[in-house]
Amino acid sequence: MQGKILVLDAIATNRIILKVKLTDAYYEVVQADSISDGIRLARSLTFDLVITALSLPDGTAERLCRKLHAAPGCEHLPVIAMGSGADPERRLAILRAGA
């Protein structure tokens, strides 16, 4: 295995596509569909990377980054936020939050 990746997206198809592609590259993939589930998983398992959608049912990628980096043991966990339609101000806010 190359590493363990947490994929967060409300759309199951998006999670499945990422899981298939990353698993083919020998990554272990764990999926979540909300910030609350993602934080719970990040606290109980060790991940090398988080890939998240810009918007989730219970918040945004910015909120996820802030909550995740405030959790013990997750302070330096890298986060990639993916999506379309984000304006430059929102992108900067997500980057400032730690993505």
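Stretching S34 away from E75 to a fully extended chain increases their span by 12.9 nm, per 0.36 nm per residue minus the current alpha-carbon distance.
Taking amide hydrogens as placed 1.01 Å from N in the peptide plane, the amide H of G3 sits under 5 Å from those of E28, each at least 5 positions away in sequence or on another chain. Can you list the aspartates and glutamates whose alpha carbon is less than 19 Å from that of K21, not counting same-chain residues fewer than 8 positions off? By straight Cα distance, K21 reaches D9, D33, D48. Which option, [x] 120; [y] 202; [z] 86, is the value of volume of the Cα convex hull per residue in Å³ that was calculated from these coordinates? Here the calculated entry is [z]. Ligands, DNA and RNA left out, the 1.4 Å accessible surface of the range 1-92 is 54% carbon and sulfur atoms. Residue separation of I17 and D58 scaled by 0.36 nm, minus their Cα-Cα distance, works out to 12.6 nm of gained length.
Helical content alone sets the calculated 222 nm signal of the chain at -13000 deg cm²/dmol, taking -39,500 (n - 2.57) per DSSP H segment of four or more residues and averaging over every residue.
Dipole orientation for the chain: of the candidates A32, A97, I51, A97 has the Cα lying most toward the positive pole (charges on Cβ; Lys, Arg +1; Asp, Glu -1). Computed over protein heavy atoms with a 1.4 Å probe, the accessible surface of the chain works out to 58 Å² per residue. Taking the Cα centre of the chain as origin and assigning +1 to Lys and Arg Cβ atoms and -1 to Asp and Glu Cβ atoms, the resulting dipole is close to 120 debye.
Computed from the C-beta positions of S44 and E89, the FRET efficiency with R₀ = 25 Å rounds to 0.15.
The values are calculated or read from the model by the stated rules, or taken from the named source; none is laboratory data. If you're wondering where the values come from, they're calculated on a predicted model, not measured in any experiment. So basically every Cβ, Gly included, is an ideal-geometry build from the backbone, and we count neighbours across all protein chains shown. What goes into the accessible areas is simple: the full protein's heavy atoms, side chains included, and nothing from ligands, DNA or RNA. Shrake-Rupley method; radii C 1.70, N 1.55, O 1.52, S 1.80 Å.
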